[in-house]
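One structure follows; several queries about it will come next.
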């Protein structure tokens, strides 16, 4: 019988490159344990490649942990619905590229200081955030040249900083200004405020022409004149959400003329566009998604094409521009935008209810039903 000798491999005999590869299979807690074994393993455990993607969605997180991962070179950070506890001692600069602060809660000044560490952000969500106006101004000044995707839905500070935001964020490709869903903070008992007419006018006249996807959902001051200016200036737009805006058939005409060859997704639900123009919009050659809930039907127009439009308007069929996560892609537990990273299990879940969302479209609220 042939005897096979067992070979023993010691960690000390393995090169750093191999150990680093092994460490990529460890979770955050295990990396911490390895760091305590020896100086060599400790040095390997803090390699930046191991800390680039962190997901603490809906967790109660010590600010010391955020400080730790920023010092380790974290680039993609999901703090969606998280609660940060403790004092802020963040580094002066971070390497963050993606940052999701949707409904993140912390003591006064913590989120502002965190955002202040960023100078090369590419994607940012402040959905429902209450960070102060000065912070958004600093974001625009320090990250404007790199920012491509901004989710500012239900954000309260844009009225005061619109001019700086538009001037410095000149490489945006996706922007969400949606106000359809009102989020009421269970802690602050506060309602956010809509954009005003002056800022909408400034936006459509000065927004970067590189924009490709934009949502004005439930901005009731958006009218036909705004759409005419926007689509003629920004004719690269492929996705446009105009749900609950104050537009009419004239906007449909402007959209067809300027975006007819490019537009792939369009939502004109709850507008004054009638069935005749809906059929024209639906016929645009590249349109893959078209939503038109609660629009006007003229007379007895009941063509097969129109019936198809209304039958396809199921509640689950919608698209959300610039969102880190949505119904059509991964959940917040699985990543943010196009980056996959599993939620860390080492912290307690957020015990408080995530801000309540009341969908005005589906709830039948009368507040948004009048778009005169």
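So for the stretch 137-145 (the condition being touching a strand residue (DSSP E or B) at 6+ places or on another chain (Cβ under 8 Å), within 27 Å of residue 335 (Cα to Cα), at pLDDT 85 or above and in the same structural domain as residue 220 (by TED's automatic domain parsing)), does at least one residue qualify?
Yes, the stretch 137-145 contains at least one residue that is touching a strand residue (DSSP E or B) at 6+ places or on another chain (Cβ under 8 Å), within 27 Å of residue 335 (Cα to Cα), at pLDDT 85 or above and in the same structural domain as residue 220 (by TED's automatic domain parsing).
Return the residue satisfying two criteria in turn: it lies in the stretch 69-95 and is touching a strand residue (DSSP E or B) at 6+ places or on another chain (Cβ under 9 Å) and assigned to a helix (DSSP H, G or I), and of such residues it is farthest from residue 138 (Cα to Cα).
Looking at the filtered set, the residue picked out is 69.
Out of the stretch 282-293, which residues are under 18 Å from residue 217 (Cα atoms) and without any contact (Cβ under 8 Å) to a residue 40 or more places away in the chain?
Result: 289, 290, 292.
Restricting attention to the stretch 1-22, and to residues there that are assigned to a loop (DSSP other than H, G, I, E, B) and modelled with pLDDT of 75 or more, which single residue is farthest from the chain's Cα centre (by Cα)?
Among those residues, the one meeting the criterion is 14.
Another question about this same structure. Looking only at residues that are in contact (Cβ under 8 Å) with a residue 40 or more places away in the chain and within 17 Å of the chain's Cα centre (by Cα) in the stretch 106-142, which one is surrounded by the fewest Cβ atoms within 10 Å (Cβ to Cβ)?
If we take residues in the stretch 106-142 being in contact (Cβ under 8 Å) with a residue 40 or more places away in the chain and within 17 Å of the chain's Cα centre (by Cα), then 130 is surrounded by the fewest Cβ atoms within 10 Å (Cβ to Cβ).
Here is a follow-up. Output the number of the condition that residue 294 fails; it satisfies all remaining conditions of (1) closer than 19 Å to residue 246 by Cα; (2) touching a helix residue (DSSP H, G or I) at 6+ places or on another chain (Cβ under 7 Å); (3) at pLDDT below 90.
In the conditions (1) closer than 19 Å to residue 246 by Cα; (2) touching a helix residue (DSSP H, G or I) at 6+ places or on another chain (Cβ under 7 Å); (3) at pLDDT below 90, residue 294 misses (2) alone.
Please pick out the residue among 138, 119 that is farther than 20 Å from residue 234 by Cβ and not in a loop (DSSP other than H, G, I, E, B).
None of the others qualify; the one that does is 138.
Listed residues 283, 269, 312; which is assigned by TED's automatic domain parsing to the domain that holds residue 127, more than 23 Å from the chain's Cα centre (by Cα) and modelled with pLDDT of 80 or more?
Selected residue: 283, the only one of 283, 269, 312 that is assigned by TED's automatic domain parsing to the domain that holds residue 127, more than 23 Å from the chain's Cα centre (by Cα) and modelled with pLDDT of 80 or more.
The values are calculated or read from the model by the stated rules, or taken from the named source; none is laboratory data. Predicted model only: the values in this text are computed from it and were never measured. Using ideal geometry, Cβ is built from the backbone for each residue, glycine included, and neighbour counts are taken over all protein chains shown.
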